[in-house]
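What follows is a set of notes on a single structure, which appears directly below.
The values are calculated or read from the model by the stated rules, or taken from the named source; none is laboratory data. Here the structure is a predicted model, which means the values were calculated and not measured. Because the Cβ atoms are built from the backbone with ideal geometry, glycine has one as well, and the counts that use them run over all protein chains shown. For accessibility, only protein heavy atoms count, side chains too; no ligands or nucleic acids. Shrake-Rupley method; radii C 1.70, N 1.55, O 1.52, S 1.80 Å.
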Amino acid sequence: MTATASPEVTVAAEQVVGGPRSKPTKHRLSGKALRWQIALYALLCVLALIYIYPFLVQVATSFKPDAVAATDPISLVPQPFTWAAYERLFLRSDFPVWFANSAVVTVFVTLGRVFFNSLAGYALARLQFRGRGLVFAALVAVMAVPAVVLLIPKFLVINQLGIYDSYAGMILPLLVDAAGVFIMKNFFESIPPSVEEQARIDGASTFRIFWSVVLPMARPALITIVILSFQGSWNELSHFVISTQSPELTTLTKGVASLASGQLSQGSQYPLKLAAAAIMTIPVAVVFFVFQRRIMNASEGAVKE
């Protein structure tokens, strides 16, 4: 005969194991909470529209004739639609030269910062040497100094080294930045030293351990440095103002800034300026959207022992 449990025993057993399984219930918002949520989303939509509307005006105005852009600057529908501003930029100006110079400088600066920032960050995080704390304190102090304060000393150094008005003068001073070293140092410190012990036992050098063991684990931080370095060097203006003067070395930021003085033609030149600005945003936007899912956060990349 098979014994059957009494209802009291069944209830007690259900209480011990957590009770019978029940279907998940959906919580419905009350009328007041629903109205607050709708109001919140409406407010967020309004704020998003406020932020995105100037960009839409910029793109729309770049396709307008000069006269229409001056009389109706905030309209989102170009009437008539024209490519005149873009044709003038690419066919009757030095805009392609500006773009090429910015591309060359940005590529070299980005690659240099990824390499040198990671080297310096690893040295400060792992290597024991006299004065390491002082170097890190100086690094933090440099981060606290406004960039505009360093323009004149930077110009004097570039001039004394004989690299003024050259690609070297444009690129070399930007190859390392304090913020990038700080980011890499903090990330390397989140990696336990035990992951390097096996390679050190096998006789690997310090650089070999850095290059083959630690650096591949720092991919989130490296991607962060790539994005920040690309955006910073692409949008850099003050450094190029003090390091070059030849038209052949003009970058996009300097060239677009010069449009305000009426370099290419007379009049307001709203379509011309906004077309140049719209083109400038494309590379940065592409890089950001390609790597946006891998931007480093506080917990990503940490290794547990």
remark   = Among (1) buried (at least 22 other Cβ atoms within 10 Å of the Cβ); (2) closer than 19 Å to Pro173 by Cβ, Val104 falls short only on (1)
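Which one is farthest from Ala147 (Cα to Cα) among residues in region 195-224 that are part of a loop (DSSP other than H, G, I, E, B) and open to solvent by less than 40 Å² (accessible area, probe 1.4 Å)?
Pass one, region 195-224, residues part of a loop (DSSP other than H, G, I, E, B): 202-205, 218.
Then keep just the ones that are open to solvent by less than 40 Å² (accessible area, probe 1.4 Å); that gives 204, 218.
Details: Ala204: 40, Ala218: 28 Å.
Per the stated criteria, the residue is Ala204.
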request  = Any chance you could count how many residues in region 32-74 are among the β-branched types (Val, Ile, Thr) and free of Cβ contacts under 8 Å to residues at least 12 places away in the same chain?
outcome  = 5
inquiry  = Can you pull out every residue in region 42-67 that is open to solvent by less than 40 Å² (accessible area, probe 1.4 Å) and in a helix (DSSP H, G or I)?
reply    = Val57, Gln58, Ala60, Thr61
query = Scanning region 68-96 for residues that are part of a loop (DSSP other than H, G, I, E, B) and aromatic (Phe, Trp, Tyr), which turns out modelled with the lowest pLDDT?
reply = Phe81
inquiry  = Contact list please: Cβ distance under 8 Å, first residue in region 111-125 and of a type in the set (Lys, Arg), second residue outside any helix (DSSP H, G or I) and open to solvent by 10 Å² or more (accessible area, probe 1.4 Å), pairs at least six apart or on different chains.
reply    = Arg113/Leu175; Arg113/Val176; Arg113/Asp177
query = Within region 81-96, is there a residue that is open to solvent by 40 Å² or more (accessible area, probe 1.4 Å) and under 24 Å from Pro173 (Cα atoms)?
reply = no
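Quick one: is Leu237 modelled with pLDDT of 90 or more and surrounded by fewer than 13 Cβ atoms within 10 Å (Cβ to Cβ)? Talk me through it step by step, then tell me what you get.
Working: modelled with pLDDT of 90 or more: yes; surrounded by fewer than 13 Cβ atoms within 10 Å (Cβ to Cβ): yes.
Yes; evaluated as a whole, the condition is true for this residue.
Please pick out the residue among Phe108, Phe99 that is in a helix (DSSP H, G or I), of a type in the set (Phe, Trp, Tyr) and over 17 Å from the mean Cα position of the chain (by Cα). Quick ask: steps written out before the conclusion?
Values: Phe108 fails: over 17 Å from the mean Cα position of the chain (by Cα).
Checking each option against the conditions leaves just Phe99.
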Count of residues meeting criterion [of a type outside the set (Val, Ile, Thr), over 26 Å from Ser102 (Cβ atoms) and open to solvent by less than 40 Å² (accessible area, probe 1.4 Å)] in region 158-194 = 4
message = With the structure loaded, tell me whether Leu228 is more than 30 Å from Val286 (Cβ to Cβ), in a helix (DSSP H, G or I) and open to solvent by 50 Å² or more (accessible area, probe 1.4 Å) or whether it fails that test.
response = no
